[in-house]
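The values are calculated or read from the model by the stated rules, or taken from the named source; none is laboratory data. These numbers were taken from a predicted model, which means no experiment stands behind them. Heads up, the Cβs are rebuilt from the backbone with ideal geometry, glycines too, and the neighbour counts pull from every protein chain shown. Accessible surface areas use protein heavy atoms only, side chains included; no ligands, DNA or RNA. Shrake-Rupley method; radii C 1.70, N 1.55, O 1.52, S 1.80 Å.
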Amino acid sequence: MLRDGVVMAALVRLISSSGLSDMWQIELLDEMPAAQRPAPFTSQWRTFGSRPAALEWLGIPEPDTGTAG
């Protein structure tokens with residue numbers, strides 16, 4: 001996530017001891033008080049059940065991975 005040209009947050013796929021999971025987490029890179037967090041953050045991180053859900057929360061459209069026909 002960029003804000004004013006500065007990277008503020010990262011989207012990462014969670015990994016368990018058994019391998020990749022379907023869980024994704026968005027986390028702010030720097031600790032900051034709640035009043036200073038950029039919208040839509042209400043905590044330092046948030047977990048999602050899918051990558052598209054995480055991107056939607058950030059307001060980022062899912063890239064089209066289909067092929068033009």
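Would you confirm, using the coordinates I've provided, whether Leu11 is surrounded by 12 or more Cβ atoms within 10 Å (Cβ to Cβ) and in contact (Cβ under 8 Å) with a residue 40 or more places away in the chain? Answer is yes for this residue. Open to solvent by less than 70 Å² (accessible area, probe 1.4 Å) and within 20 Å of Leu55 (Cβ to Cβ): is that true of Leu20 in this structure? No: the conditions fail for Leu20. Figure legend. Inter-residue proximity from the stretch 33-47: first residues closer than 15 Å to Val12 by Cβ, second residues open to solvent by 90 Å² or more (accessible area, probe 1.4 Å), beta-carbon distance below 8 Å, spacing 6+ or different chains. Indicated pairs: Gln44/Glu31. The residues of the stretch 23-34 that are more than 18 Å from Leu58 (Cα to Cα) and either under 13 Å from the mean Cα position of the chain (by Cα) or open to solvent by 90 Å² or more (accessible area, probe 1.4 Å) (or both) amount to a single one, Glu31.
Please specify each residue of the stretch 1-18 satisfying the condition of being part of a strand (DSSP E or B), out of contact with any Lys or Arg (no Cβ under 8 Å at 6 or more places or on another chain) and within 26 Å of Asp64 (Cα to Cα).
Leu2, Arg3, Val6, Val7, Ala9, Ala10, Val12, Leu14, Ile15
Which of (1) part of a loop (DSSP other than H, G, I, E, B); (2) open to solvent by less than 80 Å² (accessible area, probe 1.4 Å) is the odd one out, the single condition Ala39 does not satisfy? Ala39 satisfies all of (1) part of a loop (DSSP other than H, G, I, E, B); (2) open to solvent by less than 80 Å² (accessible area, probe 1.4 Å) except (2). Filtered by the rule that a residue be among the aliphatic types (A, V, I, L, M) and within 21 Å of Ser43 (Cβ to Cβ), the stretch 16-32 gives Met23, Ile26, Leu28, Leu29, Met32.
Being over 10 Å from the mean Cα position of the chain (by Cα) and under 14 Å from Met1 (Cβ atoms) is the filter here, so list the residues in the stretch 42-58 that pass it. Across the stretch 42-58, the qualifying residue is only Gln44.
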